[in-house]
Amino acid sequence: MSTSTPEAGPTAEHFDAVVIGAGFSGMYALHRLRQQGRRVVCVEAGDGVGGTWYWNRYPGARVDIESMQYSYSFDEELQQEWSWSEHFSPQPDLEAYANHVADRFDLREDIRFETRVNELTFDDTVDKWTVGTASGDRFVATYVIAATGSLDVSNVPDWPGLDRFRGQAYHTSRWPKEGAELAGKRVGLIGTGSTGIQITPEIAAVAEHLTAFQRTPNFSLPARNRRLDPDYEREWKADYPERRKQILGTHGAVLMSNAAEQRSIFDYTAEEREEVMERAWNARNGLEFIRTFTDTSSDPKANEILAEFVRNKIRSIVHDPETAELLCPKTYPIGGKRICIDSGYYETFNRDNVTLVDIRTHPIEEVTESGIRTTEAEHDLDVIIFATGFDAMTGSMLRMDPTGVDGARLADHWADGPRTVFGLMTAGFPNLFMVHGPGSPSVLAQMITTGEWQVDWILRTIDHLDENGISRFGVTPAQESEWAGEVDTAASRTMHARTDSWYTGANIPGKPRALLMYVGGFQRYSDLCTRAAEEGYTGFEMKQRALTLGPNHQTPQ
Ligand code: N01
């Protein structure tokens, strides 16, 4: 439908809602809005669906939540008919699943692919958003749902000479669809976060030589990935609705096995705790290792015991003692940064074609025509791979440069760090909802399920607004301060807030420092959001829709 409004221009298309992003949350939002009979369009920068799992197609990319849980719950037939092949799904399987869902629910017809939003402006006079795109489209809508992803804007170091390099350079989050030619090449890899740790064994297996440039080592646990056990799959499918319900009642929206001891590490003698940690290390539960004891994420002494156990594992795997020591994290608590799980990461450093370079001691000075020069040496390379992470949690919102009521810019409102209520809304930007926004559990909880939950909350809210004739709905600075208090109190009980990482914005020069997600647990989070809705959105800003008078209306004398 094309209509004309003076503000949005003659070719603007009008919708009830615009969904930004066709990742898992955006696809679900589109589906639900259509189910409700609303006019909706979804705008996606890529040429396919899947979001994170569309962009991050580097070799070795894999999710660290088990497949039976890391999937949609909204449709029983869908969850019964789909079969995962591996316990932890690799990127191609996740992308295939996203495509299956898009086809099954005919989502593509309402997605504009290869369309990047570059303008997001609220029009105070009509309480509507104008969404402009780099391709020149203009959409006008009452609501915007920004499902723009927590990890979307790539972080590329600002080193001199980057444009001089004569070889190929890639960022892992923009990996070419056709793949990158690494066989027989001298490859330099920068970054040893989850991404670097996943791609390292894959590069080493084909490259002539891999030089891994490490600034900070990470704690990584063996993924022990495997084919999905058909009995395990059957067990889950027999009980899916009940298990999905239970998932929503947990801290991280993930059901754990019963391996965790739920006791303090100090309840054991030194010998006993070694045994417990050994059992947990060998259990096939990936990230659950970190929850073996109740106090390692809050008590530094307890944390150090667990950290040293992992360091000793690294020392036992890596043959060269100097390399092993370099790979041992010693400057922050285990679990302070996002824990990684890997498939043969430490073992890779036993290969003859792999070198670890310490760029903490000898930083990179520049990229040259033929490689990378550190303060210590020159490294000749054919390919440079940046696994240097993201401007996380806020980058994808700020990149669109939204302007809200009275032309206020989000960049100004968040200049000292993001301010939100529930990570769902921010003051001065009414009718704009974020999924997995800063201040929500987001990356600390299983994101497909919690994304579904947030979308349901948003749609329930939109229903309420329609039923009550409300044209403008937003949050206030006072609510933001209250939510910031809740977020900070929860953060103060964890190691995350005290560790430099992308969780706190410390990875991006100049970014304000604060823990960007809510660590109070999904269960408490969802209770608080639900209560706000049940109490009729008390404290939220609401403006009644102006009455449109029909032709037969008579003004009272
Ligand atoms: O990014 P990161 P990532 N000079 O920010 C280094 C999810 N994920 O893409 O630590 C030199 O963690 C940086 O060094 P340092 C998961 O949530 C999940 O790996 O800042 N080095 C670090 O080593 C994860 O946490 C999965 O000193 C520089 C690395 O680059 C999140 O994505 C898989 C540098 C960046 O690590 C992000 O992970 C993959 C510089 N200027 C990702 N700048 C799974 O599900 C950065 N670095 C398993």
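Could you check, for region 455-467, whether at least one of its residues is assigned by TED's automatic domain parsing to the domain that holds Q36, surrounded by 15 or more Cβ atoms within 10 Å (Cβ to Cβ) and within 16 Å of the ligand (Cβ to nearest atom)?
No, region 455-467 contains no residue that is assigned by TED's automatic domain parsing to the domain that holds Q36, surrounded by 15 or more Cβ atoms within 10 Å (Cβ to Cβ) and within 16 Å of the ligand (Cβ to nearest atom).
Please indicate, with yes or no, whether at least one residue in region 302-319 is open to solvent by 70 Å² or more (accessible area, probe 1.4 Å), part of a loop (DSSP other than H, G, I, E, B), among the acidic types (D, E) and in contact (Cβ under 8 Å) with a residue 24 or more places away in the chain.
The initial filter retains those residues of region 302-319 that are open to solvent by 70 Å² or more (accessible area, probe 1.4 Å), namely 304, 312, 315-316, 319.
Still in the list and also part of a loop (DSSP other than H, G, I, E, B): 319.
Keeping just the survivors that are among the acidic types (D, E) gives none.
The answer is no; no qualifying residue exists.
Would you say S343 is in contact (Cβ under 8 Å) with a residue 12 or more places away in the chain and within 11 Å of the ligand (Cβ to nearest atom)?
Considered against the rule, which asks whether it is in contact (Cβ under 8 Å) with a residue 12 or more places away in the chain and within 11 Å of the ligand (Cβ to nearest atom), S343 comes out as yes.
Any chance you could count how many residues in region 488-524 are closer than 25 Å to V405 by Cβ, within 18 Å of the chain's Cα centre (by Cα) and away from the ligand (no atom under 16 Å from the Cβ)?
1
May I ask you to list pairs of residues, at least six apart or on different chains, whose Cβ atoms are under 7 Å apart, with the first in region 476-491 being within 14 Å of P418 (Cα to Cα) and the second being of a type in the set (K, R) and at pLDDT 95 or above?
Cβ pairs passing all conditions: E480/R419; A484/R419.
Restrict the check to region 347-366 and report whether at least one residue is at pLDDT below 95, assigned to a strand (DSSP E or B) and either of a type outside the set (D, E, K, R) or more than 29 Å from the chain's Cα centre (by Cα) (or both). Before the answer, list the steps.
First, the residues of region 347-366 that are at pLDDT below 95: none.
No, that holds for no residue.
Quick check, is A270 buried (at least 16 other Cβ atoms within 10 Å of the Cβ) and of a type in the set (G, A, S)?
Details: buried (at least 16 other Cβ atoms within 10 Å of the Cβ): no; of a type in the set (G, A, S): yes.
Answer is no for this residue.
All but one of (1) touching a Leu at 6+ places or on another chain (Cβ under 6 Å); (2) within 30 Å of P157 (Cβ to Cβ); (3) surrounded by 23 or more Cβ atoms within 10 Å (Cβ to Cβ) hold for F473, so report the exception by its number.
Of (1) touching a Leu at 6+ places or on another chain (Cβ under 6 Å); (2) within 30 Å of P157 (Cβ to Cβ); (3) surrounded by 23 or more Cβ atoms within 10 Å (Cβ to Cβ), only one is false for F473: (2).
Quickly run through region 207-247 and pick out the residues that are part of a strand (DSSP E or B), within 16 Å of the ligand (Cβ to nearest atom) and open to solvent by 10 Å² or more (accessible area, probe 1.4 Å).
Filtering region 207-247 for residues part of a strand (DSSP E or B) gives 209-214, 220-222, 227.
Applying the additional criterion that residues be within 16 Å of the ligand (Cβ to nearest atom) yields 210-214, 220-222.
The answer is T211, P222.
Taking region 54-81 as the search range and keeping residues that are in contact (Cβ under 8 Å) with a residue 60 or more places away in the chain and of a type in the set (D, E, K, R), which one is farthest from the ligand (Cβ to nearest atom)?
Our first condition is that a residue be in contact (Cβ under 8 Å) with a residue 60 or more places away in the chain; within region 54-81, this holds for 55-62, 64-74, 76, 79-80.
Still in the list and also of a type in the set (D, E, K, R): 57, 62, 64, 66, 76.
Details: R57: 12, R62: 6, D64: 4, E66: 11, E76: 26 Å.
The extreme case among them is E76.
Would you pick out the residues in region 152-181 that are open to solvent by 50 Å² or more (accessible area, probe 1.4 Å), closer than 30 Å to Y28 by Cα and in a loop (DSSP other than H, G, I, E, B)?
Residues of region 152-181 open to solvent by 50 Å² or more (accessible area, probe 1.4 Å): 156, 158-160, 162-164, 166, 168-169, 174, 177-178, 181.
Add one more test, that the residue is closer than 30 Å to Y28 by Cα, and what stays is 174, 177-178.
Within region 152-181, K177, E178 meet the criteria.
So, in region 369-424, of the ones that are of a type in the set (S, T, Y) and within 16 Å of the ligand (Cβ to nearest atom), which residue ends up most open to solvent (accessible area, probe 1.4 Å)? Working first, answer last.
First, pick out the residues of region 369-424 that are of a type in the set (S, T, Y): 370, 374-375, 388, 394, 396, 403, 420.
Retained after the next criterion (residues that are within 16 Å of the ligand (Cβ to nearest atom)): 374-375, 388, 394, 396.
Values: T374: 5, T375: 75, T388: 28, T394: 8, S396: 7 Å².
Of everything passing the filter in region 369-424, T375 is most open to solvent (accessible area, probe 1.4 Å).
Tell me whether region 147-163 contains one or more residues that are in the same structural domain as L398 (by TED's automatic domain parsing) and either more than 16 Å from the ligand (Cβ to nearest atom) or at positive phi (or both).
yes
Please go through (1) open to solvent by less than 30 Å² (accessible area, probe 1.4 Å); (2) away from the ligand (no atom under 14 Å from the Cβ); (3) touching a residue at least 40 places away in the same chain (Cβ under 8 Å) for D47 and return the number of the only condition it doesn't satisfy.
Unmet condition: (1).
Looking only at residues in region 99-118 that are open to solvent by 70 Å² or more (accessible area, probe 1.4 Å) and in contact (Cβ under 8 Å) with a residue 60 or more places away in the chain, which one is nearest to M397 (Cα to Cα)?
Just the residues of region 99-118 that are open to solvent by 70 Å² or more (accessible area, probe 1.4 Å), to begin with: 103-104, 106, 108-109, 112, 114, 116, 118.
Checking which are in contact (Cβ under 8 Å) with a residue 60 or more places away in the chain leaves us with 112, 114, 116, 118.
Values: R112: 19, E114: 18, R116: 12, N118: 10 Å.
Residue satisfying both the conditions and the ranking: N118.
Which of the residues that make up region 375-429 are farther than 26 Å from R524 by Cβ, in a loop (DSSP other than H, G, I, E, B) and not small (G, A, S)?
Of everything in region 375-429, those that are farther than 26 Å from R524 by Cβ, in a loop (DSSP other than H, G, I, E, B) and not small (G, A, S) turn out to be T375, E376, L381, D382, T388, D391, R399, M400, D401, P402.
Among (1) aliphatic (A, V, I, L, M); (2) more than 14 Å from L221 (Cβ to Cβ); (3) outside any helix (DSSP H, G or I); (4) open to solvent by less than 10 Å² (accessible area, probe 1.4 Å), where does I334 come up short?
For I334, the exception is condition (2).
R186 versus (1) away from the ligand (no atom under 16 Å from the Cβ); (2) on the phi > 0 side of the Ramachandran plot: which is the lone unmet condition?
Tallying (1) away from the ligand (no atom under 16 Å from the Cβ); (2) on the phi > 0 side of the Ramachandran plot, R186 fails exactly one: (2).
Conditions first: (1) surrounded by 11 or more Cβ atoms within 10 Å (Cβ to Cβ); (2) at pLDDT 95 or above. T250 passes all but one, so which condition is the exception?
Among (1) surrounded by 11 or more Cβ atoms within 10 Å (Cβ to Cβ); (2) at pLDDT 95 or above, the lone unmet condition for T250 is (2).
Residue pairs, Cβ under 7 Å, 6 or more apart or interchain, first in region 350-366 and over 19 Å from K185 (Cβ atoms), second within 16 Å of the ligand (Cβ to nearest atom) and of a type in the set (A, V, I, L, M, F, W, C). List them.
The qualifying pairs are D358/L326; I359/F213; I364/W159; I364/F213; I364/I372; E366/W159.
Sort through D93, D103 and tell me the only one that's within 14 Å of the ligand (Cβ to nearest atom) and outside any loop (DSSP other than H, G, I, E, B). Don't jump to the end; show me each part of the working.
On the way: D103 fails: within 14 Å of the ligand (Cβ to nearest atom).
Sole residue among the options that is within 14 Å of the ligand (Cβ to nearest atom) and outside any loop (DSSP other than H, G, I, E, B): D93.
A quick yes/no check of all residues on (1) open to solvent by 30 Å² or more (accessible area, probe 1.4 Å); (2) out of contact with any His (no Cβ under 7 Å at 6 or more places or on another chain); (3) assigned to a strand (DSSP E or B):
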| position | (1), (2), (3) |
| --- | --- |
| L120 | no, yes, yes |
| G188 | no, no, yes |
| I199 | no, yes, no |
| A205 | yes, yes, no |
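The values are calculated or read from the model by the stated rules, or taken from the named source; none is laboratory data. Bear in mind that the values here come from a model prediction, so they are computed numbers and not experimental data. For neighbour counting, all protein chains shown are included, and Cβ atoms are generated from backbone atoms with ideal geometry for every residue, glycine included. The area values use the complete protein model at the heavy-atom level, side chains included, leaving out ligands, DNA and RNA. Shrake-Rupley method; radii C 1.70, N 1.55, O 1.52, S 1.80 Å.
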